[in-house]
1. Can residue 475 be described as within 23 Å of residue 549 (Cβ to Cβ) and touching a helix residue (DSSP H, G or I) at 6+ places or on another chain (Cβ under 6 Å)?
2. Is it the case that some residue within segment 92-103 is within 25 Å of the chain's Cα centre (by Cα), in contact (Cβ under 8 Å) with a residue 60 or more places away in the chain and under 24 Å from residue 121 (Cβ atoms)?
3. List every residue pair whose Cβ atoms sit under 7 Å apart, with the two residues 6 or more apart in sequence or on different chains, where the first one lies in segment 264-290 and is touching a residue at least 12 places away in the same chain (Cβ under 8 Å) and the second, anywhere, is within 9 Å of the ligand (Cβ to nearest atom) and part of a helix (DSSP H, G or I).
4. How many residues does segment 380-421 contain that are farther than 18 Å from residue 450 by Cα and touching a residue at least 24 places away in the same chain (Cβ under 8 Å)?
5. Which of the following residues is under 25 Å from the mean Cα position of the chain (by Cα) and either surrounded by 15 or more Cβ atoms within 10 Å (Cβ to Cβ) or part of a helix (DSSP H, G or I) (or both): 524, 498?
6. Has segment 305-328 got any residue that is surrounded by fewer than 20 Cβ atoms within 10 Å (Cβ to Cβ), under 22 Å from residue 436 (Cα atoms) and either touching a residue at least 24 places away in the same chain (Cβ under 8 Å) or not assigned by TED's automatic domain parsing to the domain that holds residue 245 (or both)?
7. Condition first: more than 10 Å from the ligand (Cβ to nearest atom) and either under 17 Å from residue 64 (Cα atoms) or not assigned by TED's automatic domain parsing to the domain that holds residue 194 (or both). Now tell me which residues in segment 170-184 satisfy that.
8. Can you pull out the residues in segment 325-340 that are touching a helix residue (DSSP H, G or I) at 6+ places or on another chain (Cβ under 6 Å) and either within 11 Å of residue 364 (Cα to Cα) or within 12 Å of the ligand (Cβ to nearest atom) (or both)?
Ligand SMILES: Cc1cc2nc3c(=O)[nH]c(=O)nc-3n(C[C@H](O)[C@H](O)[C@H](O)COP(=O)(O)O)c2cc1C
């Protein structure tokens, strides 16, 4: 019997049987053409998830009219020309037994004119400050609203023509349908706004029009933000009132999500939120309807999914990033290989890439969105390769090289793998990064690489192994800034602060508010005492994109024992003091018992340089932070590129 009997029991949505309870959450990937057409790269992505065992694959929010686009490389369903491409995608997934769904949507106020090429339109003139520019939308007229209802119905007809098995109406995340429903964004006082019934009118008209256009055979799903988490927005009590109306209008499953752009962490939850964090919303909605309910929200451990189903909280689980990070999440779970899953750590890199109009890749899995490009191609000749350093770059290079057939030995000075990822262990809310280190090491070992710990590799040691090639992945360390008086100062290395739990401090100064400095400050603040962060720039954690660092920075700012000085430099240090300069003013800080330089990071490139200079020596390649200190994402992805090239 499977370890996850509820997860792998077939389930029903309307007249359709799904092979298991895993609905792949709709996720924009930025892999479409600017015309809204699907690409081969997109099909490859979906086919991999179908082959990996997902029950029903929802693609992404597909605009029903170009004026409702949210991103430049998003799928559309506004034009008949798009249908043949979707047919190919649907066929590719059906070959592996997965069903496929189209999510139809219109962005409304949550977009901008550089994308739509026209002023965004919405129920009311409520700009969305979470989208660049916070553009004022134009208020929709009644005839325009009716045209949009027709556009949803026409898109649904194209979805049926494309062979999609289900259609999901995107009523969540504060897009147009949600905008009509929510008092936060609907300030109308006509037949489409004013009270509950009139705010519900547009969503119900869309459902009825779609149902009338597609007939009764195809199941209709409705995505609902069951708590918008904004003042004046929809609450769980509202959602429980709304759900029966959706059912009565012809919906076959309610897909529970949360948030709108103004409360974005509730749409795509960061690492700091627990797994299954939206389950309570589904538990409240399920008793209000007879149709099945699914729920999303950081469900990345199959045991969490199983518990949600076993407890009767939901009938299906909507799994997004876990399947983004590992296309084989269902198969590995079913086959008792859960320990081989490449877990999503909710780092939000995917979300950030989406906002930057870049293909939505994955920190942990370099093959995601590059299924064909990074398919393993056996090396022309098996060579012996020594990888120095078992940080994220070294481990990923080792994994790919070993999979391609090379004989790979990884040498690590420390007693365990992971490099800088492990530093997150004692940072509040960031400990999941340690699990990523474990995965990368396990994946390299399963690929056939030999991992040796406690080896302080020098030139003689490496050359003694007679490798054909050496990959140097020795990382970076915090540098010591040159500040007058620093010789007397109580300086402590940032890495060692994070490596140990350590005792309490009275007052600490962290020099540098980059991602390392923010981590150090959070870890120290957790231990009590007072923490002062000094950053010459105007933002914290600037190396990470806006989304990946949002929660960590918010947590730091919320701490009463932390003071942050942006636009500030350290002019001088002493045995227990520091002199800061901010906007031309001097600030004296006294009674310091700890000073932690956390910027700049310095590449550890000397071994690479030594090995490159050996006459007739092996080919030497450097990857990761020892080339340039950056984030784990760049380190891992550069390492994969090298691994596929050698
Ligand atoms: C990169 C990215 C793109 C997303 N795009 C969509 C989308 O197109 N439509 C939608 O309903 N939700 C979208 N979401 C939200 C997901 O469907 C899902 O609800 C959310 O990621 C939480 O589930 P997870 O923790 O399993 O990823 C997106 C999430 C991410 C990370």
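The values are calculated or read from the model by the stated rules, or taken from the named source; none is laboratory data. Because the structure is a prediction, the values reported are computed rather than measured. For neighbour counting, all protein chains shown are included, and Cβ atoms are generated from backbone atoms with ideal geometry for every residue, glycine included.
1. In short, yes.
2. Checked against the condition, which is being within 25 Å of the chain's Cα centre (by Cα), in contact (Cβ under 8 Å) with a residue 60 or more places away in the chain and under 24 Å from residue 121 (Cβ atoms), segment 92-103 yields at least one hit.
3. Every condition considered, the pairs that remain are 268/351.
4. Adding up the residues that qualify gives 2.
5. 498
6. no
7. 174, 176, 177, 178, 179, 180
8. Listed by number, the list holds a single entry, 329.
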